[in-house]
1. Tell me the accessible surface of residue B:290 in square angstrom (1.4 angstrom probe, heavy atoms of protein chains only), to the nearest ten.
2. List the chymotrypsin sites (Phe, Trp or Tyr not before Pro) in the range A:101-199 that DSSP assigns to loop (not H, G, I, E or B) and whose Cβ has at most 14 other Cβ atoms within 10 Å. Which are they?
3. Given labels modelled 7 Å from the Cα in the Cβ direction, how far is it in nm from residue A:22 to residue B:405?
4. For the range B:321-352 and the range A:190-266, what is the separation of their C-alpha centers, rounded to whole Å?
5. Starting from the range A:1-60, pick out the trypsin sites (Lys or Arg not before Pro) whose DSSP state is loop and whose Cβ has at most 16 other Cβ atoms within 10 Å.
6. Given B:238, B:109, B:79, which one lies farthest toward the positive end of the charge dipole of chain B, if we put +1 on the Cβ of every Lys and Arg and -1 on the Cβ of every Asp and Glu?
7. Could you report the accessible area of residue B:368 in Å², rounded to 10, computed with a 1.4 Å probe on the protein chains as they sit in the structure?
8. Which FRET efficiency value, to the nearest 0.05, do you get for residue B:275 and residue B:376 by plugging their Cβ-Cβ distance into 1/(1 + (r/R0)^6) with R0 = 35 Å?
Amino acid sequence: MKKYYYIYMAISFGILAFFGVHSAVSVPETYSESENRYLEKYPSISLPKIVSGEFQEKFELAFSDQFIERDNWIKLSTCVEKMLGYQEISDVYLGKEHYYFARNTQEMIDQKQYSKNLHYVEHLGTLAAGKTSLMLVPSPATVLSDKLPEHAPYYDAADMYRMADILLESTGNINIRSELATAKKEGQVYFKTDHHWTLRGAYAGYCAFCKSAQLEAKDYAYFKPKKVTKDFYGTMYSRVLDANAVPDVMYAAQNIPQAEVESDGKKGQGVYDVQKLKQKDKYAYFFGGNYGEMRIRTGKNQKNLLLFKDSFANSFLPFLLEDYGEITVIDLRYYRNSVQKLLQEKSYDQILVLYEMSNFAQEKNLYKLIY
Amino acid sequence: MVFSSLTFLCAFLPVVLALYLICPKSLRNLLLAAVSLVFYAWGEPVYIFIMLFSTVFDYINGRMIEYFEHQNKQQYKKYFLILSVIGNLGILFFFKYTDMLLSSWNRLTDSNIALLELALPIGISFYTFQTMSYTIDVYRGIVKAQHNIISFAMYVCMFPQLIAGPIVRYQDIENQIQDRKIVETEWVQGMRRFFIGLGKKVIFANQIGCVWQEISGGNLDELSVAGAWLGAFAYTFQIYFDFSGYSDMAIGLGQMFGFSFPENFCYPYESMNITEFWRRWHITLGRWFREYVYIPLGGNRKGLKRQILNLLIVWLLTGLWHGASWNFALWGLYYFVLLFIEKVFLLKKMEQWPLFLRHIYGKFFIIIGWVIFALEDFAAIGGYFKALFGIRHTLVNETAFYQWSSYGVLMVILLFASTRIPIRCVRWIKEFVMGKLPEAIRKRTSVIAFIVYGFYTICILFISLSLLVKGSYNPFLYFRF
């Protein structure tokens, strides 16, 4: 019997010691691909840092970030939490059919910020009346509410549109719910593992925009959508690391005009950046990611468009290349210049503000529209 | 440092266990004292000096009391006891209660005295009580004064029970301080117990703690009755599994170092009345107050009126011990009233009640007590009670449906885990199921049981580690103690 006691002593001590020694001797990683974030590095040691507790705090963070096989540990924890019957993990709802939805309840929507932002957009609208519109893309779970866990609380997109209707006068309010509802019968409109819309979802947005801008929308098939990857694990997956997740298939429109892309003053990668398909965040395939200012020229015609946007616009933009000879794309999160100057420089045929709805409601950079 | 952290589990603990094994017996107290200081300084690099002061202060007081005992100068002996008590309580009072009194004073008189805004040194309520137990017991002649300051420092700073108990009186481990050894069976039992405690904390308490956090942190006006009760159940389980998990870890660690610490919890939620509950909840604290406050005040020996007064004092102090906020005083008062009623007539009367009614009575008042304990401000307590009892609140809403369907399974698991039912099941399997198996297997029952139990505890370790790596919700509940 005594033998067994020694075995247990060796195993239990060995496990703890092994993980500790491994962390001590292994070369620290700087970036986690699967979690999409930089990992904490071990802090340098100094007396003031110890006295203030900063060293200890950083050390604990780094120790956990650098823990051996971090991803697999998180997968185990997700597995355990699912077994306990959890329907959400790290603020992500575990939806049906392998959908993952960011948790955005009514209380989590900052109504004050939302109406403030609507006012900024309306201000823009008064400067260019009749040409300005706002397109809010409802969060995936509001369109695919049947895929949410039963009774899971979520904000109401219809309410948000209603509020925009009330506050916007000179700005058009493009409601794309009915287009998305139609599109979702044809195929998948949002990714399962990512928070973005799929090409088909973006196409629904394109149709709604065309209606509002009095353009003729082309058929989905016209753009010759092509599968560019079938191995996309997006941002929602990163938060949950569920071993049972199913990768997404990503399509991109092929039949689009040649375009010159200038990103933050430099010649960009073009509309599609094939390199980005090799990394984890494959959505960056569209334009290579987000830039403060991007100019896209096709020379197709003399019409131009000014677009204020978040990343949802990236997969949507290729559809518009036929219709606008020049598109100026501003991402206010990274844009440092004056929007007013931009408006004075030239006149635009159309101005569009395109954001994902919950993102728009919490965005703190829209004030830049009035400077 | 806290036990439920990767740094403790994979760095501190293996190093300390290894050093302790190879360390010569004569140096073990020194080693434990030294690593305990590192353990404490990791989280409280500055406040470590308060603990060191406390150590030296009571070491001297103990020696002086002993000295005047030999000199037979009872008067001086008493002075040093009083000095020790005032010193310890003074430190505790200064760090813990000054701001509470100042802000109450400000509110009452509309004045504006600046608060100290000092962070409370972690574990101060535990180690000041321990050192006081030492000087008081030296004074009473129950224990001998410790002459070796290293051994005494080891007793005061010992990391296993330093930050969340159990409150180990000096007399509990007086002999073990001088002489103890590592026994394999004890070591293994200790490690297993440590893993079980870790699981209670990380898998149970932290997980259900999220639920309470979410419900109590949300908009109380929109809370439904079903949601409010879910929240109250959640906190009830969180505090039990967190606290008893810490005690298990402490006792287990102690066992690995050759100590035997007193038990702190005995399935308190099985209790059918409040008197019983307090005999099974935080046992070492109740014992401390009985021994060093209630009995010295006269206990029940000076008539009923005096006994009631003594109980009132003890329960107000018990309440405030848990945190410097008036809701804790209310919580203490609440238990005083319940215990008083039970003492006067209810306990006798309840003997005729059917069993299920007694269970409901016990659980109901325990849960209500935790709501008072968990919510600091009186307005929140009032609002929460309205939700619990459906005063202008709906019975159930979508959110409550969702929360119950998400956490119902965990709730049932916790309900069973907080009772002796799992242990009884295991015993039943060992005795009846194994007994029916062929002789060859039956002979090995203890080996099989050992392997299964060992495997089980290692699984708990892995699951706990996974949750810690992920960095899920992991609060420290005793920062106000």
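The values are calculated or read from the model by the stated rules, or taken from the named source; none is laboratory data. The structure presented is a predicted model; accordingly, all values stated were derived computationally and were not measured. Counting neighbours? That spans all protein chains shown, and the Cβs are built from the backbone with ideal geometry, glycine included. When the accessible area is computed, the model is the full protein with side chains, heavy atoms only, and any ligands, DNA or RNA have been set aside. Shrake-Rupley method; radii C 1.70, N 1.55, O 1.52, S 1.80 Å.
1. 120
2. For chymotrypsin sites (Phe, Trp or Tyr not before Pro) across the range A:101-199 that sit outside H, G, I, E and B with at most 14 neighbouring Cβ atoms in 10 Å, the list is empty.
3. 3.8
4. Centre-to-centre distance over Cα atoms comes out at 63 Å.
5. A:41
6. It is B:79, whose Cα lies furthest towards the positive end.
7. Spelled out: residue B:368, probe radius 1.4 Å, area about 10 Å².
8. Working: r = 27 Å, r/R0 = 0.77.
The calculated FRET efficiency here is 0.80.
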